[in-house]
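A quick write-up on the structure given underneath.
The values are calculated or read from the model by the stated rules, or taken from the named source; none is laboratory data. Please read these numbers as outputs of a predicted model, since none were measured by experiment. Don't worry about glycine lacking a Cβ; one is built from the backbone with ideal geometry, like all the others, and counts go over all protein chains shown.
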Amino acid sequence: MFTVAIISVALSLFSTTLGLIFAISLAGKNLLLGKYKPASFFAVLFIAIFVLFLADTSNTPTTLNLLVGLGLSLYIYVYLLRKNGDYLRTILTVSGVNIIFAFIKQFFFRDYYLKLYDTAFSVNNEFIMKVFADNQEHMDIYLKSVDRLKYIMVEYNAAMSVVAVFLGLFIGTLLLSKYLSPSWKFRLMKLPVKLVYPFIAVLVLFLIPGFRTISINLLIIFSMFFMMQGFAVLSFYWGDYFARSRVFSFFLILALIINPYVFLLVIFTGMFELWFDIRKLHQLEE
């Protein structure tokens with residue numbers, strides 16, 4: 001139990017997604033099955049985070065990411081899943097908590113991340129400037145690309161933080177549900193119709209110039225929800241075939257990684273399902 005808590009924190013230092021996948025699939029399973037005592041496990045988890053903070057008190061955002069993205073998220077996740085057994089509601093609720101936290105963090109620590117990325121890229125810039133010393137055109141293209149990349153990483157940090165947590169929740173839940181009863185009937189998963197209203201509000205917000213950065217952050221987050229539903233639609237129609245054919249599954253995963261259009265197709269499929277009920281789930285319910 002102690003080892004799992006410490007490894008979860010260590011993994012989350014490098015990747016919130018990996019940390020949550022590990023914590024949910026292993027610690028979550030043992031917590032929900034009663035093999036771990038919640039008080040003992042979370043005490044070790046939060047003590048490990050506090051020790052890391054004492055080791056580097058200047059890195060407050062990282063500590064907050066561990067506290068909320070891992071510690072609080074896992075606590076709420078286990079509590080809600082134990083209380084209602086609703087996998088989708090649990091994922092959406094924990095994601096909602098992280099959305100609020102991400103925008104608060106973005107507001108208070110924007111300058112911190114700007115300085116962090118400036119420092120990170122400055123070392124590389126010195127090397128590149130030496131390489132392109134005799135080619136000003138290539139150097140200008142590189143420097144503009146770096147400035148654009150820094151802008152994206154700073155302005156859309158909130159979305160990237162939530163996406164990292166969401167992917168951990170989503171993949172971790174798929175792994176976890178195999179050990180629980182009832183398991184998650186993912187192929188029948190359907191986002192609540194009420195999600196349409198905040199989505200429309202975000203689209204309207206995009207039309208207001210001063211709120212476009214916020215709206216794009218939120219649209220990226222919504223795209224993850226639609227992605228999850230898109231995969232549920234794929235699983236509904238072709239899940240059994242994917243399970244039988246590892247070769248086909250491999251090429252699908254490869255296509256998603258190297259071809260952004262395939263990934264976008266999955267997202268739009270999930271979005272259309274919200275309105276048009278492609279799987280006709282209402283008929284199955286009747």
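For the reader, a short list of remarks on this structure follows.
- Among the candidates SER249, SER177, SER215, residue that is surrounded by 13 or more Cβ atoms within 10 Å (Cβ to Cβ), at pLDDT below 90 and assigned by TED's automatic domain parsing to the domain that holds LYS280: SER249
- Contacts under 6 angstrom Cβ, first residue in the stretch 81-109 being farther than 17 Å from ILE220 by Cβ, partner among the aromatic types (Phe, Trp, Tyr) and not in a helix (DSSP H, G or I), 6 or more apart: TYR87/TRP184
- Scanning the stretch 54-83 for residues that are in a helix (DSSP H, G or I), over 23 Å from ASN30 (Cβ atoms) and under 23 Å from the mean Cα position of the chain (by Cα) turns up THR60, PRO61, THR62, THR63, LEU64, ASN65.
- Looking across VAL233, VAL193, VAL202, one residue alone is β-branched (Val, Ile, Thr) and surrounded by fewer than 16 Cβ atoms within 10 Å (Cβ to Cβ). It is VAL193.
Results for (1) among the charged types (D, E, K, R); (2) farther than 23 Å from GLY69 by Cα, shown as yes or no for each residue.
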{"position": "ALA158", "(1), (2)": "no, no"}
{"position": "SER161", "(1), (2)": "no, no"}
{"position": "GLY168", "(1), (2)": "no, no"}
{"position": "GLY172", "(1), (2)": "no, no"}
{"position": "LEU180", "(1), (2)": "no, yes"}
{"position": "LYS185", "(1), (2)": "yes, yes"}
{"position": "PRO192", "(1), (2)": "no, yes"}
{"position": "LEU195", "(1), (2)": "no, no"}
{"position": "PHE199", "(1), (2)": "no, yes"}
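- Residue that is nearest to ARG110 (Cα to Cα) [pool: residues in the stretch 19-61 that are polar (S, T, N, Q) and modelled with pLDDT of 85 or more]: SER25
- For the stretch 118-153, a residue qualifies if it is at pLDDT below 80 and under 24 Å from ILE220 (Cβ atoms), and the qualifying residues are ASP118, ALA120, PHE121, LYS144, SER145, VAL146, ASP147.
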